[in-house]
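Presented below is the structure to which this report refers.
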Amino acid sequence: MTNLYIVSDYIISSGIPRETLLFILSLPIVATLATISRNVVGVKGFRIFIPIIVTYSFVALGAKYALPATAIVIGVSLLVRWLMRKSRLQYSSRMALLITFSGLAMLGGLFIARKLGIESASLVPIFPVLLLIAMGEEFVDVLLKQGPRSATILYIETILLAIIGYFLLNSKTYQEFILDWPIIIFVAILLVILIGRWTGLRLIEMFKFRDVSKAEAEKEAENSK
Amino acid sequence: MLEWLTHSKNILGINERNLKYLRPNNNKKARLIADDKLLMKRVARLANIQSPEVYAVIRNRNELNNYNWSKLPNSFVVKPRKGFGGAGIVVVFGRNKKTLNWVKADRSQVSVEALQTHIANIIDGTYSLKNTQDYAIIEERVELHPIFKPYAFRGIPDVRIICYNKVPIMAELRLPTKASSGTANLHTGGVGVGIDMGSGVTTKAIQYNQLIDVHPDTNMPLSGIRIPFWKTMLEMTVRAQIVSKLGFLAIDIALDRDQGPMVFEFNARPGLAIQIANLDGLKGRLKRVQGIKVKTVEQGVRLARDLFGGEVEENIEEISGRQVIGPFEYASFYGRSGKKAKIVKVKIDTGAFLTSIDKELAYDMGFKDAYQHFESLKLPARFDAYEEAKVALKSYTRKAAKHKDILGLSLSKSAVGRSMEIRPVLNISFSLSGVQVNAHATIASRGGLIYSAIIGRRDLSPFLIDPAKRPKKPV
């Protein structure tokens, strides 16, 4: 069976950059990964959209910049929240300040990187950096509503998902595969629909409820005696 | 070793909860009831279930700026109307006499300005489900029941009961801890304690999904706590399900020291960690009650206790549905405006029909005006002949009832001799052994009574009397 690169080739030859096509074709793949991770494994991250945009930011920035950038976003969010804990500001103003300071901190980070002689810092694209700031807002929202433990767990899960997505999207094998077989996105759509109707236990839930299973097994052993 | 892979068929996971149980059973209209605390209170009232009294609802900035804070009692709770998981709730315990600031559960102080900012944030939707505009509710603070005192860290525990097909299927006691900063929420580090559905006695406990034996802050063992009013709570749950039409419902019930069980919240998407605290799967239990036709509240409660209880050793209170009291008890009397209880020792007197309270207690409760109106009628202090007293009673009743607090007059025989006196009858309320009673009470004018209140037959129907029972002084 010959592959379908001809489709990708036709699209690229019509003037759409290969990179753009790759990113768009990968969207359903990354979304499917996020869905599997949430509904089958139980690793959730902040909603469904944030792990995806963080994944793309990672790809665009490279892990070298993206990881410190997320750390800065979360650090600044925590700091701003702590500084404003007694202020009597409205929610929206607080969030606006949070975003402002995250942006300034990013600028500071880049500045320091440049001063340290890291040449590539001047080439860092700014939009992916701004997208990462969206995570700061979500982080604080969860912190307010569900507490520091949930916020930390969801943060770690988001980063984990982004790193997996990053390695996938950066792999040459994957890039060639998706361009050869763009039809794979229909498989992804089908898979998402199936997962949407799946009622089994998530992997993490199985582990979380292990004590209940143990009690169940003991009961069973007792009954068969 | 690998039981967690092989023995999970009775466990309910989030996927299945959402697809099989929430979506088909909880329609949008019913879910609104669970997400909106004001609507919930209205539904609870329809189901004849108590919930904390609302002092004020603040809908917008304008109402916030014009709100008269001096109207509030010294303790109250501020919460968002559409909040969830206990976020945005501020509990105020009292007032600092010097600064006039309110004092929160963690003993820190809040000023009026700080409360205003908090309420502004609630209105802005900081704590609402989808960050949409919200109302702030200011409501009565539930008083900690003494039985939970050793198990609660600066907060009010509640009992969560999950109900399906009109049968309560699983329950847990949720305790506030230091980690959860006083909220009874498992996400933030609260403790969940499984409850035997039959007896209402606690079994296993968890914090952060791990089994524990003692309360992390107070070191008190968590199993074997007998939940008071267990049967009442189960009945409330079934009634709530019938009225709210939420097919898969969890309700959170708090126990007030004086007023008994009160519903805090209806929940349409209960968490699943309750399964660990009970060491049993919800799915197994859901399947067992599926398809059963439950016709009455009592039947639903009976099924729950039979199906999901260990051995039930019902005590007399459970069977009769009445509280057992002794000949002498402590009761708290509510003032005329409904608030501020005064606790006094009372005598239980089945020989009397009406409850009577002495003048001083009546004055404390705010009935001074009513009593003075009665005195202004200048009735003779004593009657020696029954006929004579009866005539007086007839002619004065209407005059006495002109005062809005006075229901009428009543003839009482004096303890000594055969003389009689006429007393005014008032509508009062008191709570005794956790049951709130709306009573008709006469005011006795003579001072020097040993008991400032004597509870009569009319108001004793919720109780059984055990002559050997000693009174316990409330804390």
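Any chance the stretch B:381-404 includes a residue that's assigned by TED's automatic domain parsing to the domain that holds B:Ser461 and under 30 Å from the mean Cα position of the chain (by Cα)? Break it down into steps so the answer makes sense when it comes.
Initially, the stretch B:381-404 is screened for residues assigned by TED's automatic domain parsing to the domain that holds B:Ser461, giving B:381-404.
Cutting the leftovers down to under 30 Å from the mean Cα position of the chain (by Cα) gives us B:404.
Yes, the stretch B:381-404 contains a residue that is assigned by TED's automatic domain parsing to the domain that holds B:Ser461 and under 30 Å from the mean Cα position of the chain (by Cα).
From the list A:Arg18, A:Arg47, the lone residue that is in contact (Cβ under 8 Å) with a residue 24 or more places away in the chain and over 19 Å from A:Leu203 (Cα atoms) is A:Arg18. In the stretch B:76-151, counting only strands (runs of 3 or more DSSP E) that sit wholly within it, none holds 3 or more residues that are surrounded by 21 or more Cβ atoms within 10 Å (Cβ to Cβ) and away from chain A (no Cβ under 14 Å).
Being within 23 Å of the chain's Cα centre (by Cα) and either assigned by TED's automatic domain parsing to the domain that holds B:Lys104 or modelled with pLDDT under 90 (or both) is true for just one of B:Pro146, B:Pro157, B:Pro176. Which residue is that? Full working, then the answer.
Numbers: B:Pro157 fails: either assigned by TED's automatic domain parsing to the domain that holds B:Lys104 or modelled with pLDDT under 90 (or both); B:Pro176 fails: either assigned by TED's automatic domain parsing to the domain that holds B:Lys104 or modelled with pLDDT under 90 (or both).
Of B:Pro146, B:Pro157, B:Pro176, the one residue that is within 23 Å of the chain's Cα centre (by Cα) and either assigned by TED's automatic domain parsing to the domain that holds B:Lys104 or modelled with pLDDT under 90 (or both) is B:Pro146.
For (1) out of contact with any helix residue (DSSP H, G or I) (no Cβ under 8 Å at 6 or more places or on another chain); (2) away from every other protein chain (no Cβ under 14 Å); (3) among the hydroxyl-bearing types (Ser, Thr, Tyr), each residue gets a yes or a no:
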site: B:Gln259; (1), (2), (3): yes, yes, no
site: B:Gly281; (1), (2), (3): no, no, no
site: B:Gln299; (1), (2), (3): yes, yes, no
site: B:Gly321; (1), (2), (3): no, yes, no
site: B:Pro327; (1), (2), (3): yes, yes, no
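Is it true that A:Ile204 is surrounded by 13 or more Cβ atoms within 10 Å (Cβ to Cβ), out of contact with any strand residue (DSSP E or B) (no Cβ under 9 Å at 6 or more places or on another chain), within 14 Å of another protein chain (Cβ to nearest Cβ) and touching a residue at least 60 places away in the same chain (Cβ under 8 Å)? Give the steps one after another, and end with the answer.
Numbers: surrounded by 13 or more Cβ atoms within 10 Å (Cβ to Cβ): yes; out of contact with any strand residue (DSSP E or B) (no Cβ under 9 Å at 6 or more places or on another chain): yes; within 14 Å of another protein chain (Cβ to nearest Cβ): yes; touching a residue at least 60 places away in the same chain (Cβ under 8 Å): yes.
It is true that A:Ile204 is surrounded by 13 or more Cβ atoms within 10 Å (Cβ to Cβ), out of contact with any strand residue (DSSP E or B) (no Cβ under 9 Å at 6 or more places or on another chain), within 14 Å of another protein chain (Cβ to nearest Cβ) and touching a residue at least 60 places away in the same chain (Cβ under 8 Å).
Among the residues making up the stretch A:1-26, those that are under 22 Å from A:Tyr166 (Cβ atoms) and either surrounded by fewer than 14 Cβ atoms within 10 Å (Cβ to Cβ) or of a type in the set (Asp, Glu) (or both) are A:Pro17, A:Arg18, A:Glu19, A:Thr20, A:Ile24.
Let's see how each residue does on (1) assigned by TED's automatic domain parsing to the domain that holds B:Lys413; (2) modelled with pLDDT of 90 or more:
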site: B:Phe308; (1), (2): no, yes
site: B:Val312; (1), (2): no, no
site: B:Pro327; (1), (2): yes, yes
site: B:Lys339; (1), (2): yes, no
site: B:Asp349; (1), (2): yes, yes
site: B:Ala352; (1), (2): yes, no
site: B:Thr355; (1), (2): yes, yes
site: B:Asp364; (1), (2): yes, no
site: B:Asp369; (1), (2): yes, no
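In this structure, A:Gly117 qualifies as in a loop (DSSP other than H, G, I, E, B), farther than 25 Å from A:Ile153 by Cα and more than 14 Å from every other protein chain (Cβ to nearest Cβ). Checked against (1) modelled with pLDDT of 85 or more; (2) among the β-branched types (Val, Ile, Thr); (3) part of a loop (DSSP other than H, G, I, E, B), B:Ile428 meets all criteria but (3).
Only one residue in A:Leu61, A:Leu98, A:Leu123, A:Leu104 is within 14 Å of chain B (Cβ to nearest Cβ) and either more than 22 Å from A:Lys44 (Cβ to Cβ) or touching a residue at least 12 places away in the same chain (Cβ under 8 Å) (or both), so which one is that?
A:Leu98
Restrict the check to the stretch B:198-208 and report whether at least one residue is within 9 Å of chain A (Cβ to nearest Cβ) and not in a loop (DSSP other than H, G, I, E, B).
Going residue by residue through the stretch B:198-208, those that are within 9 Å of chain A (Cβ to nearest Cβ) are B:204, B:206, B:208.
Those left that are additionally not in a loop (DSSP other than H, G, I, E, B): B:204, B:206.
Within the stretch B:198-208, one or more residues are within 9 Å of chain A (Cβ to nearest Cβ) and not in a loop (DSSP other than H, G, I, E, B).
The values are calculated or read from the model by the stated rules, or taken from the named source; none is laboratory data. The structure displayed is predicted, hence computed values, not measured ones. Cβ: placed from backbone, ideal geometry, glycine included. Neighbour counts: every protein chain shown.
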